[in-house]
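Every read-out reported here was derived from the displayed coordinates using simple, explicitly stated rules and does not represent laboratory data. Quick caveat: nothing in here was measured; it's all calculated off a predicted structure. We place every Cβ from the backbone using ideal geometry, glycine too, and count neighbours over all the protein chains shown.
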Amino acid sequence: MRIYLTILFTIIISSLFGQNIKQSPNWFELVKGKYQLKSLSQEFETTNAIDPQITINSITKNAAYIVPLEGGILFFSTNSPISKSDVAGRLSSSSLIELLEIDYRRTFQNPDTTWKFSHEVWYKLRVNNQVYYTDYKIHSLSINKPLTKLNQVISIASQDTGYDNYYDNGYPEYFHILAFDQNADGLTLKFDSQELDLECNCEFWEPESETYHWKELESGALYIKLSGLEQSYSATWNGKQLIEK
């Protein structure tokens, strides 16, 4: 059964992301405790600032988004940092990224609350042509809509929070609506809604499940409605502003 679950998990994750997937043989063996993110650790200090990336050639399976907490997150030059010399810099603003590899290592179960889990997962990514590593969770650009009249593209970015010890597997939350200007060189990020006031509590984010609906208006503007199990969010993007309903 464990082998079957491991294979199934790898297949699901591989279909979500287009880059290399690595999974430790111990991934499904629960460790008692809580994983502490090295990307938020205070033991690794740096004055080197990493500039966010705001342009991409196109939205592919490897395209993703990362949203730092206030104070920023650390990027490393290795996926096993042990000293300050392994710190590449601090990212303080949201950034587009190219996701190169995901390394699933360990799953931790809170000893006091058995339904709470934390995970050691490392992401290898490229930002402004530089390769970095972080264990801070990314946002997927899973739903995208070209707006022909506005020469723009709208994306819904979210984290696949997963369930139990199944990391990155469904249950999207922490939504952002992104708007890109389309030009000869690719896409340039024009707008980030910041985190929407929406809790989905939905297993997957699929049009047939009516979790999202959008309609391109005659003017070229886009009406957007996102529906969770108990909450919903609606707004219209007019090319310059997101007007919430």
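Where only DSSP H runs of four or more residues are counted, the chain gives -2000 deg cm²/dmol as its mean residue ellipticity at 222 nm, each run worth -39500 (n - 2.57). Note the angle between two axes, namely the Cα long axis of helix 2-16 and the longest principal axis of the Cα atoms of the chain, as a number of degrees from 0 to 90, rounded to the nearest 10. Roughly 30 degrees, rounded to the nearest 10. For region 124-197 and region 42-119, what is the centre-to-centre distance using only Cα atoms, to the nearest Å? Using only Cα atoms, the two centres lie 15 Å from each other.
May I ask which of Lys34/Lys225; Lys61/Lys190; Lys34/Lys190; Lys84/Lys137; Lys38/Lys145 have a Cα-Cα span longer than 29 Å here? With Cα atoms farther than 29 Å apart: Lys34/Lys225; Lys34/Lys190; Lys38/Lys145.
To the nearest 20 debye, what is the magnitude of the charge dipole of the chain about its Cα centre, counting +1 on the Cβ of each Lys and Arg and -1 on the Cβ of each Asp and Glu?
Result for the chain is approximately 440 debye, rounded to the nearest 20.
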